Amino acid sequence: MGRLLFLTHRLPYPPDKGDRIRSWHMLDHLARRWEVDLGCLSDDPADAEHLPMLRQRCAAVHCEPIAGGALAALRTLSRARPGLPLTLGWFHAPGLQAWVEASLATRRHDAVFVYSSAMAPYVMRGPRVARRVLDLVDVDSEKWRAYAAAAHPPRRQLWAREARTLLAFERRAACFFDRTLLVSEPECARFLDLAPEARGRAGWVENGVDLDVFDPGVPHADPYPPGAPALVFTGTMDYPPNIEAVRDLAREVLPRLRAQPGPAPEFHIVGARPTAEVRALAALPGVHVTGRVPDTRPYIAHAAAAVAPLRVARGIQNKVLEAMAMARPVIASTPAFEGIKAMPGRDLLVSDGAEATAQAVRAVLRGEWPGLGAAARAAVATGHDWAVTLGPLDAMLRVREAALVV
């Protein structure tokens, strides 16, 4: 059994949000085959309760606490340097850097696996390791470019700078690591358009879904009040694309639906850390904001439909995969659908804009798509089973000549 250094920008457990879902399943998969030394950051004191489980899973664990919120912003600005993205300052922790350097100097690591571009600097100046793999997940620089296009000054200039400098760093990192991964074939193709020098060194490992956890056959108590069809959106609610999506649905789509004859649907926003803007949406007719819930599955299982009207989305949306695995009808925007192995009009509905989304939801509520949920479950069982999607990791970490399809 080889020894692997695994670095990630957040504690990879519990798998209750996008980045933790992917990083946990990768870590869990690799820990069956490697002795894993895990290094990560934490900006939430509640993370400490999960450390004993991770220490049982890994050979060594170093979790470095960092401040979040306003303190993190001040820390990041103090570390700002010309030509470097602010992202690197946000996720830099001297204590973790020292632990990584000591680990690489004193232990024989056969491979390094780095989750997210923000963690790449921790190993880019260290000693040579036999095998180095970087999981960018998404082209984060493209996310900042999209933010800049929709923002007003001075944020437009700040986000545009982040997009430009982060892309330059992503390109440097891709040349340093032996393999660079992204979450889907379209995301990989976009990165290679922006970083053609990475061709032959880049590929993709798609997100999966835990089909045993998100099983429509497992009963859950209904969390909704009786009488009204429930529409559900799940996600972390301090993330700007999620905020924008629920605002659009609450203000533009739901009034169209509630103006039609028949039972008036209600919209449930389910996810941790809702901002003041999100909480204010609960004042609108038919809108509910739950905040953090212990388990999202009851909300998905009893929803008439799951909605994902994101305007900005990178990679594969776990919220869409999970709702499909639970055999619920899903209405997703084109960006939210990207990278998912499914057929629109058979496995889910894809619509963009308030009126088209309202029409798609209305058709589901009228019973016009009776087989949509079952088809959704079948699609993710075929195309997004973690046991299948993570298979290529083993070869690319062990074999220097491992080839990726690009």
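Given a cut-off of under 8 Å on Cα pairs at least six residues apart, what relative contact order in percent is computed for region 83-194? Walk me through the numbers on the way to the answer.
On the way: 132 pairs, mean separation 32.6, N = 112.
Computed value for region 83-194: 29 percent relative contact order.
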(request) Run the quick spin-label model on Arg79 and Arg279: label points 7 Å from Cα toward the beta carbon, then report their separation in nm to one decimal. (result) 3.0 nm
(message) Which of Leu11, Leu158, Leu348 ends up with the largest GNM mean-square fluctuation for the chain, with Cα atoms connected below 10 Å?
(response) Leu158
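To the nearest µm²/s, what D does Stokes-Einstein give for region 190-268 at 37 °C and 0.692 mPa s, using the Kirkwood radius over alpha carbon pairs as Rh? Walk me through the intermediate numbers first.
Details: Rh = 17.0 Å.
Once the numbers are plugged in, D ends up at 193 µm²/s.
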(message) Can you sort Thr389, Thr290 from fewest to most other Cβ atoms within 10 Å of each residue's own Cβ?
(response) Thr290, Thr389
(request) Give me the distance between the Cα centres of region 219-255 and region 120-136, rounded to whole Å. (result) 40 Å
(request) With springs only between Cα atoms under 10 Å apart, run a GNM on the chain and tell me which of Pro263, Pro226, Pro344 wobbles the most. (result) Pro226
(request) Starting from the Cα of Met343, step 7 Å along the direction of its Cβ; do the same at Glu101; then give the gap between the two resulting points in nm. (result) 5.7 nm
(request) Note the full-extension length gain between Leu71 and Gln56 as 0.36 nm times their separation in residues minus their Cα-Cα distance, in nm to one decimal. (result) 2.2 nm
(message) Compute, for region 230-383, the length of the dipole vector about the Cα centre, with Cβ point charges of +1 (Lys, Arg) and -1 (Asp, Glu) only. Units Debye, rounded to 20.
(response) 180 debye
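Output the relative contact order of the chain, whole-number percent, from Cα pairs under 8 angstrom with separation of 6+ residues. It would help to have the intermediate numbers written out before the result.
Details: 757 pairs, mean separation 54.7, N = 406.
Normalised by residue count, the contact order of the chain is 13 percent.
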(request) Match the structure shown to one of the listed values (i) 42; (ii) 33; (iii) 25 of percent of Cα pairs over 36 Å apart, computed from it, and give that label. (result) (iii)
(request) Provide Rg and Dmax in Å for region 230-383, with only Cα atoms included in the calculation. (result) 14.0, 41
(request) Relative to the longest principal axis of the C-alpha atoms of the chain, give the angle of the C-alpha long axis of helix 155-176, reported between 0 and 90° and rounded to the nearest 10°. (result) 50 degrees
(message) Give me Tyr13, Tyr224 sorted ascending by neighbouring Cβ count inside 10 Å, so fewest comes first.
(response) Tyr224, Tyr13
(message) Please list, in order along region 84-101, the HN-Hα scalar couplings obtained from phi with the Karplus expression 6.51 cos²θ - 1.76 cosθ + 1.60 (θ = phi - 60°), rounded to whole Hz, x for Gly and Pro.
(response) 10, x, 5, 3, 5, x, 4, 9, 8, 9, x, x, 5, 4, 5, 5, 4, 4
(request) Go ahead and set up a Gaussian network model of the chain, Cα springs under 10 Å, then flag whichever of Ala378, Ala304, Ala276 fluctuates most. (result) Ala276
(request) Can you put Met124, Met53, Met326, Met396 in order of Cβ neighbours within 10 angstrom, beginning with the fewest? (result) Met53, Met124, Met396, Met326
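Suppose R0 equals 30 Å. What FRET efficiency, 1/(1 + (r/R0)^6) with r the Cβ-Cβ distance, do Glu185 and Asp110 give to the nearest 0.05?
0.55
What percent does the relative contact order of region 307-348 come to when contacts are Cα pairs within less than 8 Å and at least six residues apart? Display every interim value, and only then the final one.
Details: 50 pairs, mean separation 20.1, N = 42.
Computed over region 307-348, the figure is 48 percent.
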(message) Residue by residue through region 309-314, what is 3J(HN,Hα) from phi via Karplus (6.51 cos²θ - 1.76 cosθ + 1.60, θ = phi - 60°)? Round to whole Hz and write x for glycine and proline.
(response) x, 6, 7, 10, 8, 10
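Translational diffusion coefficient of region 1-142 at 4 °C, 1.567 mPa s, Stokes-Einstein with Kirkwood Rh over Cα pairs, in µm²/s as a whole number.
Values: Rh = 15.5 Å.
D, rounded to a whole number, is 84 µm²/s.
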(request) Please give the FRET efficiency for Ala160 paired with Ala221, using the beta carbon to beta carbon distance and R0 = 60 Å, rounded to the nearest 0.05. (result) 0.80
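Computed from the coordinates by the stated procedures, all read-outs in this text should not be read as laboratory data. Note that the structure is a prediction, hence the values are computed from the model and not measured. Cβ sites come from the backbone with ideal geometry, for glycine too, and all protein chains shown count toward neighbours.
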